[in-house]
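Read the figures in this text as sums done on the coordinates, not as results from a lab. Note that the structure is a prediction, hence the values are computed from the model and not measured. Neighbour counts are summed over all protein chains in view; Cβ atoms, including those assigned to glycine, are modelled from backbone coordinates with ideal geometry.
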Amino acid sequence: MRYINTEIMDGVATLTLNDPDKRNAINLQMNDEICATLDQLEESAEVGSLIVTGAGKAFCAGADLGDLLAARERENIQDIYRGFLRIADSTLPTIAAVNGAAVGAGMNMALACDMILAGDSARFDSRFLEIGIHPGGGHTWRLLSRTNEQTMRSMVLFGQVLSSQQAFQRGLAWEVFPDQDLMKEAKIIGKKAASYSKELTRSTKEAFKELPTIDNSTNAVQHEVVPQVKSMESDAFRNLVTKLQKKISSGN
């Protein structure tokens with residue numbers, strides 16, 4: 001593919017945005033490639049988790065302005081967001097390994113992932129208002145869900161840019177690593193997620209979607225009962241219980 005590269009190792013797929021001359025700005029063809037690749041990875045028995053990162057010194061510089069205007073002229077502005085929305089809806093556990101600047105829609109690409117890891121050089125920059133457009137792609141909602149209202153307003157309205165450490169302090173990034181260690185650490189974390197039952201992670205992520213509608217303990221318990229009981233009927237669970245019982249009985 002022209003705008004992304006993909007590799008699979010130890011159950012972890014790495015999807016690299018690959019247009020470094022344009023700092024991996026999102027274009028319509030890149031979105032097509034992301035969507036097609038996610039379809040394949042989710043169906044693959046080899047893949048249990050996904051890392052998204054960028055080639056070169058940037059994670060993603062936002063939307064390609066030419067394609068953004070083209071999408072607007074077709075009155076289908078959401079075309080430019082299809083790639084990261086596909087990642088947001090993925091059944092795989094997803095990690096954004098932010099290796100440089102994540103700007104505008106590029107921040108959305110990171111926010112679409114379940115976990116954000118940052119290299120020392122990572123920068124998080126909303127920038128929508130600076131280029132004269134309203135935030136899009138659910139940017140403010142996604143940012144608020146990760147941080148807090150003051151952080152969201154400061155970044156969007158006042159153009160405050162977060163370094164990797166500032167993003168960590170505000171809950172935007174889970175962990176910060178030296179740039180040279182970022183992908184190694186991301187793959188270690190991704191490998192653990194990939195070791196779990198793929199069907200179990202799929203149902204767990206599906207259950208996440210309803211969490212904002214739950215406002216009491218009783219409903220919270222009921223929300224998880226059906227998928228939990230279903231998971232306990234699986235061969236994987238039964239085999240694990242059998243192994244634990246044998247280990248306990250042997251005294252090891």
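Points to keep in mind about this one:
- Rounded to 5, the percent of DSSP beta bridges in the chain classed as antiparallel: 30 percent
- Partners of K187 within straight-line reach, counting lysines whose Cα lies under 21 Å from its Cα and excluding those fewer than 8 residues away in the same chain: K57, K198, K205.
- Once the Kirkwood radius over Cα pairs is known for the stretch 185-247, the Stokes-Einstein relation at 37 °C and 0.692 mPa s delivers a diffusion coefficient of 239 µm²/s.
- At q = 0.09, 0.10, 0.16 Å⁻¹, base-10 log of I(q)/I(0) for the chain (Debye sum, equal scatterers on each alpha carbon): -0.43, -0.53, -1.20
- Kyte-Doolittle mean at least -1.0, axial Cα span of 20 Å or more - DSSP H helices of the chain: 28-43, 217-232, 235-250
- Cα centroid separation - the stretch 4-51 against the stretch 161-196, whole Å: 18 Å
- Modelled label positions at K184 and D215, each set 7 Å beyond Cα in the direction of Cβ, lie 4.9 nm from each other.
- A Gaussian network model of the chain, with springs between Cα atoms under 10 Å, assigns the largest mean-square fluctuation among V47, V221, V176 to V221.
- Of P135, L244, T37, farthest towards positive along the dipole that unit charges on Lys, Arg, Asp, Glu beta carbons give the chain: L244
- In straight-distance terms, cross-link reach from K246 covers every one of the aspartates and glutamates whose alpha-carbon lies under 18 Å from its own, apart from those fewer than eight places away in the same chain; here that gives D235.
- For K230, the aspartates and glutamates whose Cα comes closer than 13 Å to its Cα, not counting residues fewer than 8 places off in the same chain, are E199.
- Candidates A193, A110, A45: whichever shows maximal mean-square fluctuation once the chain is modelled as a Gaussian network with Cα springs under 10 Å: A45
- Within the shell of other residues whose beta carbon sits under 14 angstrom from the beta carbon of L143, the net charge comes to +3, with Lys and Arg scored +1 and Asp and Glu -1.
- The stretch 214-252 and the stretch 132-158 have their alpha-carbon centroids 38 Å apart.
- Evaluating kT/(6 pi eta Rh) at 10 °C and 1.306 mPa s, with the Kirkwood radius of the stretch 41-166 over Cα pairs in the Stokes-Einstein relation, gives 106 µm² s⁻¹.
- Only the Cβ atoms of Lys and Arg (+1) and of Asp and Glu (-1) were treated as charged; on that basis the dipole of the stretch 4-194 about its Cα centre amounts to roughly 620 debye.
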